Amino acid sequence: MKVVIHVGFFLAVFHVTDQLGNKLTDESLILYIQQAICASRRVPNQTGPTIKRQVRPSHVSSSSSSDHTALEITGIDRPGLLSEISAVLAQLECHVTAAVAWTHSGRAAVIIYVEEGRGGGPIVDSGRLAHVQEQLENVVEAHHGTGERRSVRLTDPKLGRTHTERRLHQLLYADLDYTRCQGCNDAGDSGSVHRRDCAKIHVTIEPCEEKGYSIVNLRSADRPKLLFDTVCALTDMEYVVFHAAVSSLGTLADQEYFIRQKDGCTLEKESERHKLSQCLIAAIERGMVQGLRLDVCTMNRMGLLSDVTRAFRENGLSISRAEVGRHGEMAIGSFYVTEASSGGSYVSPETVEQVRKELGESIVVVDKLPCWNGEVKPTAASKPSTRRHDGSAGGEKPRFSLGTLFWAHLGWLSSNFGSSIRS
């Protein structure tokens, strides 16, 4: 499906498919996209776009965020962190309604939405808010040395809150998780072959003196939300994108951006280019999830997140990523786990089965590690989702630069993009 957005001097053309690579045929999803992009297509008095079906387990809704209190936590990533945080919240009778946790480069960022355990609604008492924050700070500080970065923040409920995943990017960026990131710049004697076969992220930043832009080229593995993650990084660093082109072929994706800084300047200093390169690599790496994916679907109840994460911790599992929310009376969650003792490369079927026995919940293995040969049968309450795994090798594409071609052939550009990036 082709999505065209034309507002004033702004023109964007997207060729999109569903996550299985098929043509979009769901009319309610198409309407949802139209309403999300164009306010004039929304129903009068409607606060936001609607959709007839559940697209994914919802963890945050800007239209309902006033019903919750948001907790934002950053610090050193370590086994059992989410378990300890959720246990404290359960003891304080704070009901977790949604939570998302990301880990990257030894750092962790967590956003948790809670409500009063008795009666529901946000926590409004200032004394109780201070007590909750103090208890959470004790948990986070327990494994931090003097002067090490950490943060615990409780925010008042507000309508129109920043998109949760965008906010997680901002938290990790502020936590300097990008400082150790490094892409691949070693092309050796056979640059094109190396770029085709190399699994690392390639970033180049070059000047476009003719038009007064800096040109950013990226090549990486293609995956869902890749474009979103990249644009978040550019926006949060206050770069303005004037022109862009993205395309994917097989397992690889190419992105090109013509940018300037917010003040209109290009990236003249090597330090500026180096930092931008690191931050783009970090943004892409944050979405490259590692571990065995376990989906949980059960009746929602107080302390559920604490029980689930405690079972993971007691069985030697570390959570590399988590997303939990509720849909009606049900709690839905996805956890990416690794065994701490194996360095993240193995999760035994016996461990998963033991977790299932302890929890008695509906747990399904969705994505398996390459070395995982066990089979866990889904229960009637939850079925594993199907994800496309395209094993085709991504053929080498010539490294493109729009240059003057962009200005002379804008119409050609609009109608001749390659396969859609899966974002």
* Restricting the first residue to the stretch 16-34 and requiring it to be under 22 Å from residue 245 (Cα atoms), which pairs with a second residue that is open to solvent by 80 Å² or more (accessible area, probe 1.4 Å) meet a Cβ separation below 6 Å and a spacing of at least six or different chains? -> 21/388; 34/41
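Residue 189: open to solvent by 80 Å² or more (accessible area, probe 1.4 Å) and at pLDDT below 85, yes or no?
Numbers: open to solvent by 80 Å² or more (accessible area, probe 1.4 Å): yes; at pLDDT below 85: yes.
Yes, satisfied.
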* **Verdict on residue 153 being open to solvent by 40 Å² or more (accessible area, probe 1.4 Å) and part of a strand (DSSP E or B)** => yes
* Out of the stretch 238-263, which residues are free of Cβ contacts under 8 Å to residues at least 40 places away in the same chain and on the phi > 0 side of the Ramachandran plot? -> 238
* Structure fact -> residue 231 meets each of (1) in a helix (DSSP H, G or I); (2) at pLDDT below 95; (3) not charged (D, E, K, R) with one exception, condition (2)
* Among the numbered conditions (1) open to solvent by 30 Å² or more (accessible area, probe 1.4 Å); (2) touching a residue at least 40 places away in the same chain (Cβ under 8 Å); (3) not in a loop (DSSP other than H, G, I, E, B), tell me where residue 211 comes up short. => (3)
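If you scan the stretch 15-38, which residues turn out to be assigned to a helix (DSSP H, G or I), of a type in the set (A, V, I, L, M, F, W, C) and open to solvent by less than 60 Å² (accessible area, probe 1.4 Å)?
Taking the stretch 15-38 as the starting set, the residues that turn out to be assigned to a helix (DSSP H, G or I) are 27-37.
Now restrict to residues that are of a type in the set (A, V, I, L, M, F, W, C): 29-31, 33, 36-37.
Listed by number, the residues that qualify are 29, 30, 33, 36.
This table checks each residue for (1) assigned to a strand (DSSP E or B); (2) open to solvent by less than 20 Å² (accessible area, probe 1.4 Å); (3) closer than 30 Å to residue 179 by Cβ.
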| site | (1), (2), (3) |
| --- | --- |
| 279 | no, yes, yes |
| 297 | yes, no, no |
| 306 | no, yes, no |
| 311 | no, yes, no |
| 320 | yes, no, yes |
| 326 | yes, no, no |
| 333 | yes, yes, no |
| 341 | no, no, yes |
| 353 | no, no, no |
* Asked: residue 70: closer than 25 Å to residue 296 by Cβ, part of a strand (DSSP E or B) and within 17 Å of the chain's Cα centre (by Cα), yes or no?
  -> no
* Asked: For the stretch 252-273, what are the residues that are part of a helix (DSSP H, G or I) and of a type outside the set (Asp, Glu)?
  -> 271, 273
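Among the candidates 251, 230, single out the residue that is among the hydroxyl-bearing types (Ser, Thr, Tyr) and over 25 Å from residue 167 (Cα atoms).
After ruling out the rest, the residue left standing is 251.
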* **Conditions (1) in contact with an Asp or Glu (Cβ under 7 Å, 6 or more places away or on another chain); (2) farther than 25 Å from residue 338 by Cα; (3) assigned to a helix (DSSP H, G or I); number of the one not met by residue 128** => (1)
* Evaluate the following for residue 61: is it over 24 Å from residue 284 (Cβ atoms), modelled with pLDDT under 90 and assigned to a helix (DSSP H, G or I)? => no
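Could you please let me know if residue 174 is open to solvent by 30 Å² or more (accessible area, probe 1.4 Å) and at pLDDT below 90?
no
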* To do: With the condition kept exactly as written, say whether any residue in the stretch 106-124 is without any contact (Cβ under 8 Å) to a residue 24 or more places away in the chain and in a loop (DSSP other than H, G, I, E, B).
  => yes
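The values are calculated or read from the model by the stated rules, or taken from the named source; none is laboratory data. Nothing here was measured: the structure is a model prediction, and the numbers come from that model. Using ideal geometry, Cβ is built from the backbone for each residue, glycine included, and neighbour counts are taken over all protein chains shown. Keep in mind that these areas ignore ligands, DNA and RNA; they rest on the heavy atoms of the full protein, side chains included. Shrake-Rupley method; radii C 1.70, N 1.55, O 1.52, S 1.80 Å.
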